[in-house]
Amino acid sequence: MTVTDKAEVVIIGSGVIGNAAAYYMAKRGASVIVLEGSEIIGNGGSSRNGGGVRQSARDPRELPLVMYAVENLWPGLSDELGMDVEYCKKGNLRLGKGEAHRKILQGLCDRSTAQGLDVRMLDGDEVREINPYLSDEVTCASWCPTDGHANPLRTTLAYYRAARQLGVRFYTRELATGLIMDKGRLRYVKTACGDLFEGDTILVAAGYSSRALLHAVGIDIPMNKVLLEAIVTEAEPPMFEQMLGTAPADFYGHQTPHGSFVFGGHTGMEPYFGEYAGDGLNPSQAISAPTAARAILNFFPRLKNTKLVRTWAGSMDECADKVPVMDRPAEVPGLAVACGFTGHGFGIAPAAGLLLSELVLDGRASTLSLGAFRYDRFARPAD
């Protein structure tokens with residue numbers, strides 16, 4: 001076999017997780033190759049989301065990672081990577097209308113405060129003291145003052161650029177199609193171009209595409225491909241800096257430093273978009289954009305005359321239990337896995353990248369435990 005290139009680590013996928021992992025590995029002196037199937041770095045959900053850096057309403061297993069990132073990584077990320085990622089730490093309001101929403105939000109608050117997060121319930125008047133542009137129909141909200149948001153495209157590209165400066169070799173248009181074992185250890189990645197890449201460790205971080213790749217070595221992570229969409233408005237005068245969401249999670253978003261609003265969300269129509277989901281196109285603007293806009297207007301009447309200037313779509317890899325897999329499965333020496341982030345990957349990306357670098361280079365994560373994200377949790381009896 002003729003090897004096109006080789007390194008200590010070959011990463012499949014140039015989303016924010018793959019790029020962050022590549023950066024932290026290279027920062028420690030490792031040689032790293034990153035393979036991207038398309039011609040665009042971050043061509044998927046990594047650069048097509050609402051940009052939330054959210055701790056509140058997280059699964060308790062994820063919360064320690066994002067709390068660590070918010071405390072130790074996100075604040076200095078622009079300086080470290082040499083590119084402004086537009087990180088803004090001005091809090092997150094999760095909005096509700098009526099008693100049913102209040103109960104949802106109270107449950108989320110109780111779960112988060114049990115792990116030490118500063119998050120609390122507000123009534124409607126208290127909410128409008130923080131954000132006076134909200135509708136009078138808003139009767140309650142959860143408030144986490146240390147939540148925030150950042151620019152997902154700039155963050156993904158900042159990790160890419162910083163990794164390249166450290167010597168990471170990126171190959172675009174190299175769609176991984178196969179994993180090849182050698183003497184009982186995973187050693188090679190084959191691509192659709194017929195190229196062969198060799199690594200001591202292969203990190204599969206290719207979103208939903210990871211599932212088919214991993215089948216080749218007997219690993220199956222239960223996850224689905226789900227459309228992730230966002231709408232962008234024309235620029236408006238500065239109104240507020242908080243990240244926003246709702247109790248039913250039908251939309252989330254913020255106002256950017258440039259004045260435009262970026263909102264993401266789910267409409268219920270996503271399962272019907274079929275093969276279009278996640279290919280970088282926007283197949284759903286005739287349905288999803290107006291649906292999301294109506295939901296937003298129920299909370300922000302002030303935006304009723306604001307024009308939409310673009311929409312976008314990407315895909316997310318939704319894991320069966322809504323929590324990612326970050327592990328080195330014992331069944332396949334030489335393999336590491338990072339997928340199933342279920343739309344939550346952006347906010348924890350700095351911590352995930354750091355921990356994956358430890359997992360791959362040291363054999364275990366030391367900064368925080370990755371025990372809750374093991375692959376074999378799907379085979380073990382529930383605790």
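What follows draws every value from the coordinates through simple rules; no lab data is involved. For clarity, every value in this text was computed on a predicted model and none was experimentally measured. Every residue, glycine as well, gets a Cβ built from its backbone with ideal geometry; the counts of neighbours run over all protein chains shown.
Here are several values of Rg and Dmax of the Cα atoms in Å: (i) 20.6, 69; (ii) 21.6, 63; (iii) 21.3, 77. Which one was derived from the coordinates shown?
(i)
Hey, got the dipole for the stretch 139-244? About the Cα centre, +1 on K and R Cβ, -1 on D and E Cβ, debye to the nearest 20?
On the way: 11 positive and 11 negative charges, 120 e Å.
Roughly 580 debye for the stretch 139-244.
Note the full-extension length gain between ASN298 and ARG173 as 0.36 nm times their separation in residues minus their Cα-Cα distance, in nm to one decimal.
On the way: separation 125, 0.36 × 125 = 45.00 nm, distance 4.29 nm.
Contour length minus Cα-Cα distance gives 40.7 nm.
For the stretch 1-62 and the stretch 161-178, compute the distance between their C-alpha centroids and round to whole Å.
After rounding, the separation between the Cα centres reads 9 Å.
Residues of the stretch 328-351 with backbone nitrogen within less than 17 Å of a virtual label 7 Å along the Cα-to-Cβ line of SER369, please, listed as ranges.
328
Have a look at VAL332, VAL168, VAL119 and tell me which one the Gaussian network model of the chain (Cα, springs below 10 Å) gives the largest fluctuation.
Between VAL332, VAL168, VAL119, it is VAL332 that shows the largest mean-square fluctuation.
For GLU137 and GLU236, what is the calculated FRET efficiency with R₀ set at 22 Å and r taken between the beta-carbons, to the nearest 0.05? Present the calculation step by step, with values, prior to reporting the outcome.
Details: r = 21 Å, r/R0 = 0.95.
Result of the calculation: an efficiency of 0.55.
Which peptide among 30-40, 155-165 comes first, and what is the full order, when sorted by highest mean count of other Cβ atoms within 10 Å? Don't jump to the answer; show the numbers that get you there.
Numbers: 30-40: 20.3, 155-165: 23.2.
Answer by packing, highest mean first, reads 155-165, 30-40.
Using only Cα atoms, tell me the angle between helix 345-362 and the longest principal axis of the chain; keep it within 0 to 90° and round to the nearest 10.
Here the helix axis deviates by roughly 30 degrees.
Can you give the relative contact order of the stretch 301-373 as a percent, counting alpha carbon pairs under 8 Å and 6+ residues apart?
Details: 69 pairs, mean separation 19.6, N = 73.
Normalised by residue count, the contact order of the stretch 301-373 is 27 percent.
Counting DSSP beta bridges in the chain, what percent are antiparallel, to the nearest 5? If you can, show how the numbers build up before the last one.
On the way: 47 of 68 bridges.
Of all bridge pairs located within the chain, approximately 70 percent are antiparallel.
Restricting to DSSP H runs of at least four residues, report the calculated mean residue ellipticity at 222 nm for the chain, -39500 (n - 2.57) per run over all residues, nearest 500 deg cm²/dmol. Don't skip to the answer; put the middle values down first.
Numbers: 9 runs with 99 residues, N = 383.
Roughly -8000 deg cm²/dmol at 222 nm, from the helical runs in the chain.
Hey, got the dipole for the stretch 70-190? About the Cα centre, +1 on K and R Cβ, -1 on D and E Cβ, debye to the nearest 20?
On the way: 18 positive and 17 negative charges, 228 e Å.
The dipole magnitude comes to about 1100 debye.
Cα axis of helix 288-297 to longest principal axis of the chain: angle in degrees, 0 to 90, nearest 10?
Once rounded, the angle reads 40 degrees.
Calculate the spin-label point distance for GLU39 paired with ALA379, positioning each point 7 Å from the Cα along the beta-carbon direction, and give it in nanometres.
Result: 4.2 nm between the two label points.
Multiply the residue gap between GLN106 and ARG28 by 0.36 nm, knock off their C-alpha separation, and tell me the result in nm, one decimal place. Write out the running numbers ahead of the final one.
Numbers: separation 78, 0.36 × 78 = 28.08 nm, distance 4.25 nm.
Here the segment from GLN106 to ARG28 would lengthen by 23.8 nm.
Let's test the formula: R0 of 22 Å, r as the Cβ-Cβ distance of GLU126 and LYS322. What FRET efficiency results, to the nearest 0.05?
Numbers: r = 30 Å, r/R0 = 1.36.
Given R0 = 22 Å and the Cβ-Cβ separation, E is 0.15.
Enter the angle in degrees (range 0 to 90, nearest 10) between the Cα long axis of helix 98-113 and the first principal axis of the Cα atoms of the chain, meaning the one along which they spread out most.
It works out to around 50 degrees.
In terms of Cα to Cα distance under 22 Å, which lysines are near enough to LYS225, apart from those fewer than 8 places away along the same chain?
LYS322
Would you mind putting 70-81, 87-98 in packing order, based on average other-beta-carbon counts within 10 Å, highest first?
Averaged packing, sorted descending, gives the order 87-98, 70-81.
Using packing as a proxy for protection, rank 296-308, 17-29 so that the peptide with the highest average count of other Cβ atoms within 10 Å comes first. Display every interim value, and only then the final one.
Details: 296-308: 14.8, 17-29: 25.5.
Ranked from most to least packed, the peptides come out as 17-29, 296-308.
Using Cα pairs closer than 8 Å and at least 6 residues apart in sequence, work out the relative contact order for the chain, in percent. Before the final figure, lay out each step's value.
Details: 888 pairs, mean separation 92.8, N = 383.
Contact order relative to length: 24 percent.
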